[in-house]
Structures are given as structure tokens and as C-alpha cells.
1. Amide H to amide H, which residues 5 or more places from ILE87 or on other chains are under 5 Å from it, using H placed in the peptide plane?
2. Give me THR81, THR123 sorted ascending by neighbouring Cβ count inside 10 Å, so fewest comes first.
3. For the chain, give the magnitude of the charge dipole about the Cα centre (Cβ charges: +1 Lys/Arg, -1 Asp/Glu; no others), in debye to the nearest 20.
4. So which helices of the chain fit the span-like rule, where a helix is a whole DSSP H run, its Cα atoms reach 18 Å or more along the axis, and its mean Kyte-Doolittle is at least -1.0?
5. Taking square-rooted eigenvalues a ≥ b ≥ c of the alpha carbon gyration tensor, is the chain rounded, prolate or oblate, where a/c under 1.5 means rounded and, failing that, a/b exceeding b/c means prolate?
6. Anything over 27 Å Cα to Cα? Flag those among LYS14/LYS110; LYS3/LYS110; LYS20/LYS110, in the order listed.
7. Provide the packing ranking of 58-71, 39-52, 103-116, i.e. peptides ordered by the mean count of other C-beta atoms within 10 Å per residue, highest first.
Amino acid sequence: MGKELLVDDHLTEKMIAAGKRFLEELDRSEFHACAAFWFFQEEQRRWQFVVASPLVWEEGPLKAFEMIDQVLQSLGPEEETIPFENISARDPSDRIVRLVCSLVRSAGGKTGFRADKCGVGGTVLDDVYVYRGECENPG
């Protein structure tokens with residue numbers, strides 16, 4: 001397992017790179033992430049790396065987190081990795097996931113972008129960095 005990255009209230013280039021690398025490794029597994037993004041949790045003043053997959057509702061969150069842990073363990077010791085406690089596995093129907101997928105759709109499918117204080121469907125997302133948002137029905 002790599003070196004754990006410091007995650008606090010500022011999104012850094014290292015966090016963005018670690019998220020990209022983690023998603024690449026998830027893609028090599030059977031996780032099938034349909035959405036992946038950093039999401040700032042205003043009330044906790046910290047960033048959460050969110051991955052959404054049908055696996056969460058098909059096999060349960062425990063199975064999803066087991067796969068996430070396996071991917072983290074597979075990363076090299078010199079790589080900076082996202083701490084396990086900063087990763088959230090969600091169902092594709094989760095409200096925040098659907099909002100991010102709607103944001104991607106409204107951006108013409110563009111990914112690899114940051115949106116600060118953006119409104120989607122009457123809800124404001126404080127801050128988000130989007131790698132992927134391919135929900136089947138973003139709503």
C-alpha cells in the first residue's frame with residue numbers, strides 16, 4: 001500500500017492525481033465505477049472521494065469496500081494514496097451522484113473539471129472535482 005495522502009479542506013494537485021490513479025486501478029478491477037469525484041463536505045470541512053457503482057446495490061457496501069481496500073493495497077509503496085476513511089462507495093441512485101452526473105451531462109459529457117458553488121436541479125454543490133459521471137439515468 002502506498003503512502004497516505006493528507007486530505008483536508010483544500011483540494012490539491014496531489015489529491016487530484018491520487019484520485020485519477022485510484023480510479024485507473026478501480027477500472028482494472030471488477031468495481032465498474034460509473035461516477036467518481038472529489039466532493040467537499042462543507043459541514044465536516046473535508047474532501048471525500050466518491051465512487052459510485054452498481055456493485056454497491058448488487059452485492060452490498062461491504063463487498064464494495066472490500067474491493068476498494070484491495071485496490072488500495074495493490075498500489076506501490078511509493079505512491080500517494082487516498083486514505084480509506086476519505087473514500088465513499090455509493091449507489092448510482094444516490095442524490096449527490098445523480099447531481100454530479102447531471103452536471104456532467106449539462107457540461108456536454110466533459111470530465112476532469114472542478115465546479116465550485118454550482119447549482120444543479122435546485123441544489124447547490126459547494127465544490128466538486130469530477131473524473132467521471134456516467135449514470136444511466138442521471139435525473
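1. PHE49
2. Numbers: THR81 22, THR123 12.
Listed from fewest to most nearby Cβ atoms, that is THR123, THR81.
3. 500
4. Values: long enough: 13-28 (23 Å, -0.68); 61-74 (20 Å, 0.18).
Correct list, ordered by number: 13-28, 61-74.
5. Values: a/c = 1.75, a/b = 1.25, b/c = 1.41.
Verdict is oblate for the chain.
6. On the way: LYS14/LYS110 21 Å; LYS3/LYS110 30 Å; LYS20/LYS110 15 Å.
Flagged as over cut-off: LYS3/LYS110.
7. Values: 58-71: 15.6, 39-52: 17.6, 103-116: 14.0.
With the highest mean Cβ count within 10 Å placed first, the list reads 39-52, 58-71, 103-116.
A short reminder: the numbers here are calculations on the coordinates, not readings from a lab. As the structure is a prediction and not an experimental result, all values here were calculated from the model. No Cβ is skipped: glycine too gets one built from the backbone with ideal geometry, and neighbour counts run over all protein chains shown.
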